[in-house]
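Undergrad: Below you'll find the structure I mean.
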Amino acid sequence: MKPVKKFLVIMAFILSSCIFAPGSIHAADEISVTIEGVRVNFTDQQPAIIGGRTLVPLRGVFEALGFDVEWSSLLRTAYLTKEGYRMSIGAGSH
């Protein structure tokens, strides 16, 4: 390949990368959760990436799974109930 043609091919590649990169980066920033093919709708707070970790609101996921979710602000604990099962998750627990 001639040097001029090689240069033009490389420049075309660089320009196309710059044009399409912002859309790709933006799409990567959007976080979605899908359960059994249905996208979870988060009404209060959206998922976020903080400090390299993906944080997903508990309420939206568990309600999509059919759980009733109650929050005790006094105990800072979420109670999840479904078909006779009851779980509790404290804020800040892992």
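The values are calculated or read from the model by the stated rules, or taken from the named source; none is laboratory data. What you are looking at is a predicted structure, and each value in this text was computed from that prediction instead of being measured. Cβ sites come from the backbone with ideal geometry, for glycine too, and all protein chains shown count toward neighbours.
Undergrad: Across the range 75-94, which residue is modelled with the lowest pLDDT among those that are surrounded by 13 or more Cβ atoms within 10 Å (Cβ to Cβ) and either of a type in the set (V, I, T) or over 26 Å from T54 (Cβ atoms) (or both)? Let's see the steps before the verdict.
TA: Keep residues of the range 75-94 that are surrounded by 13 or more Cβ atoms within 10 Å (Cβ to Cβ), which gives 77-82, 88-89.
Still in the list and also either of a type in the set (V, I, T) or over 26 Å from T54 (Cβ atoms) (or both): 77, 81, 89.
Details: T77: 93, T81: 94, I89: 89.
In this case the residue turns out to be I89.
Undergrad: What are the residue pairs meeting all of these: first residue in the range 72-84, first residue free of Cβ contacts under 8 Å to residues at least 40 places away in the same chain and under 13 Å from F62 (Cβ atoms), second residue loosely packed, with under 11 Cβ neighbours inside 10 Å and small (G, A, S), Cβ atoms under 7 Å, and 6 or more apart or on different chains?
TA: Within 7 Å, the pairs are K82/G66.
Undergrad: Can I ask one more? Assess whether V9 counts as being at pLDDT 90 or above and out of contact with any His (no Cβ under 8 Å at 6 or more places or on another chain). Let's see the steps before the verdict.
TA: Numbers: at pLDDT 90 or above: no; out of contact with any His (no Cβ under 8 Å at 6 or more places or on another chain): yes.
Against the criterion (at pLDDT 90 or above and out of contact with any His (no Cβ under 8 Å at 6 or more places or on another chain)), V9 does not qualify.
Undergrad: Just for the range 40-75: of the residues that are among the charged types (D, E, K, R) and closer than 29 Å to E30 by Cβ, which one is farthest from the chain's Cα centre (by Cα)?
TA: Filtering the range 40-75 down to residues among the charged types (D, E, K, R) leaves 44, 53, 59, 63, 68, 70.
Right, trim to closer than 29 Å to E30 by Cβ and you get 44, 53, 59, 63, 68.
Values: D44: 14, R53: 10, R59: 14, E63: 17, D68: 22 Å.
If we take residues in the range 40-75 being among the charged types (D, E, K, R) and closer than 29 Å to E30 by Cβ, then D68 is farthest from the chain's Cα centre (by Cα).
Undergrad: So, in the range 29-74, of the ones that are of a type in the set (K, R) and assigned to a strand (DSSP E or B), which residue ends up surrounded by the fewest Cβ atoms within 10 Å (Cβ to Cβ)? Please lay out each step first, then the result.
TA: We begin by selecting, within the range 29-74, every residue of a type in the set (K, R); these are 39, 53, 59.
So of that shortlist, the ones also assigned to a strand (DSSP E or B) come out as 39, 53.
On the way: R39: 10, R53: 7.
Per the criteria, the residue is R53.
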